[in-house]
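Chemist: Have a look at this one.
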Amino acid sequence: ILIKGHAQNAFQANYDESKVPPYTLPDVLKTTGNVAVKSKVMWEKIRRPEIIKLFEENVYGQMPKSYERLTYSIKNENAGAMAGKATLKEVLIEVVNNNKPVKINLVLFVPNKQKKPVPVFVLINNRGKNNTDPTRAEKSDFWPAEMVIDSGYAIAAFHVSDLAPDDTAKYVDGVLQLYPEQLTANNGMRAIGAWAWGASRVLDYFEKDAAIDAKKVVVVGHSRGGKASLWAAAGDQRFAMCVTNCSGNTGAALSRRRFGETVGRINTVFPHWFTKNYKKFNNNEDSLPVDQHMLIAAIAPRPLYATNASKDLWADPKGTFLSLKNAEKVYALFGLKSNLNSDPPAINQPIINSQLGYHIREGEHNLTTFDWSNFIKFANAHLKK
Ligand code: GTR
């Protein structure tokens, strides 16, 4: 099958379930030294750090541990935004390291009615900046800010290009200037790592904003942004909840299934997303020391919501669901129940009352108000307790 609409057809995509090769997933509850992990203490102290390290080394790259300074300034504040429903803050977050700055432009709406501090959804915006218009002259289903405000949450967004432009030639113009050693290392981070790092810097800002409950920050991403939201939440345990929308390959879907997009294809078309090391696994998924269920598991015990769309086979809905299923036993270590059945739910039948939540929406690869309305329900069920 040629991949329609995709320039790179060297890697043929399989969409036939009967052609999914047999595979064995790495055991999420066995240490690299082959010791069974039987307690949450052992998980937290040994296995989870091991897993983060494996993803750093082989997939997303090192996460810089420090920076020299972070400052912020409020560029614009309007307490009467959205016809008085919300306060708008346009915040410029500046992070300096190696004497070089990176500037993150955060758009933030805080509901006026709610008691402060409030929980917040922050979107890693990988699409047009017009999706997060602070003036609200333009509105978009991709970031339905009014709906989120009406539900009693703050909503924020920043654009990936502030951290690393999504471009094979230009991705170095951003965070990577602050950490030049990353560029030469085989395990150096690239664009997706930079976006995830940016989400953590936004969280650093939230910790300084009295209107925001920094212990209830939900990181949201769609597709390539959803790969970054997962990596952000896996690495930074301050995120209270994660939403990964249609994130597909090297997001929430299992790589070993080789259904739809594959590791070889993603590394070829988007060489600026992941480490140099990751390229070793092109057409070689079985030798990966991880699979994506381990990334989901690294988020435990925090609530995680994943989605797919019925027509988006490229992102492997079944492989996404199976990732969640294979992470369940880590949630179980914490005594947390997942109410996922053994098979994916029917279309438009969200599973909300489960620490691992999931839906398949009818339709195309996208982020819509249907998706957001379920993120809100899921947050209501898990963050308001
Ligand atoms: C596709 C890519 C996917 C996904 C998607 C998107 O071209 O193959 O991995 O990231 O773009 O971001 O919408």
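Chemist: Being in a loop (DSSP other than H, G, I, E, B) and among the basic types (Lys, Arg): is that true of LYS75 here?
Modeler: no
Chemist: Still on this structure: Pull up the range 230-244, narrow it to residues that are assigned to a loop (DSSP other than H, G, I, E, B) and closer than 19 Å to ASN374 by Cα, then point me to the one that is farthest from the ligand (Cβ to nearest atom).
Modeler: Here the residue is ALA240.
Chemist: For the subset of the range 278-296 comprising residues that are part of a helix (DSSP H, G or I) and more than 23 Å from ALA327 (Cβ to Cβ), which member is nearest to the ligand (Cβ to nearest atom)?
Modeler: Among them, the one singled out is LYS279.
Chemist: Of (1) without any contact (Cβ under 8 Å) to a residue 12 or more places away in the chain; (2) closer than 30 Å to ALA13 by Cβ; (3) not small (Gly, Ala, Ser), ASP173 satisfies all except one. Which?
Modeler: With respect to (1) without any contact (Cβ under 8 Å) to a residue 12 or more places away in the chain; (2) closer than 30 Å to ALA13 by Cβ; (3) not small (Gly, Ala, Ser), ASP173 is out only on (2).
Chemist: Let me ask another. Sort through VAL175, VAL160, VAL202 and tell me the only one that's crowded, with 22+ Cβ neighbours inside 10 Å, in contact with an Asp or Glu (Cβ under 7 Å, 6 or more places away or on another chain) and either of a type in the set (Gly, Ala, Ser) or closer than 24 Å to ASN99 by Cα (or both).
Modeler: From the options VAL175, VAL160, VAL202, the qualifying one is VAL160.
Chemist: Give the residue, chosen from SER255, SER247, that is within 11 Å of the ligand (Cβ to nearest atom), of a type outside the set (Val, Ile, Thr) and buried (at least 24 other Cβ atoms within 10 Å of the Cβ).
Modeler: Matching residue, one of SER255, SER247: SER247.
Chemist: Further question on the same structure: In the range 145-161, is there at least one residue being under 15 Å from the mean Cα position of the chain (by Cα), outside any strand (DSSP E or B), within 16 Å of the ligand (Cβ to nearest atom) and not aromatic (Phe, Trp, Tyr)?
Modeler: Looking through the range 145-161, at least one residue is under 15 Å from the mean Cα position of the chain (by Cα), outside any strand (DSSP E or B), within 16 Å of the ligand (Cβ to nearest atom) and not aromatic (Phe, Trp, Tyr).
Chemist: If I filter the range 199-226 down to residues being in a strand (DSSP E or B) and not hydrophobic (A, V, I, L, M, F, W, C), which single residue comes out as farthest from THR132 (Cα to Cα)?
Modeler: Ranking the candidates gives LYS215 first.
Chemist: Inside the range 258-276, can you point out the residues that are more than 12 Å from the ligand (Cβ to nearest atom) and within 25 Å of ILE360 (Cβ to Cβ)?
Modeler: Residues satisfying the conditions are ARG258, PHE259.
Chemist: Quick one: how many residues across the range 322-354 are in contact with a His (Cβ under 9 Å, 6 or more places away or on another chain) and at positive phi?
Modeler: Residues flagged as in contact with a His (Cβ under 9 Å, 6 or more places away or on another chain) and at positive phi within the range 322-354 amount to 1.
Chemist: Can you give me the number of residues within the range 303-323 that are touching a strand residue (DSSP E or B) at 6+ places or on another chain (Cβ under 6 Å) and surrounded by fewer than 21 Cβ atoms within 10 Å (Cβ to Cβ)?
Modeler: 1
Bear in mind that the values in this text are calculations on the coordinates, not laboratory data. Since we're looking at a predicted model, the values are computed, not measured. A quick note on method: Cβ atoms are made from the backbone with ideal geometry, for glycine too, and the neighbour counts reach across all protein chains shown.
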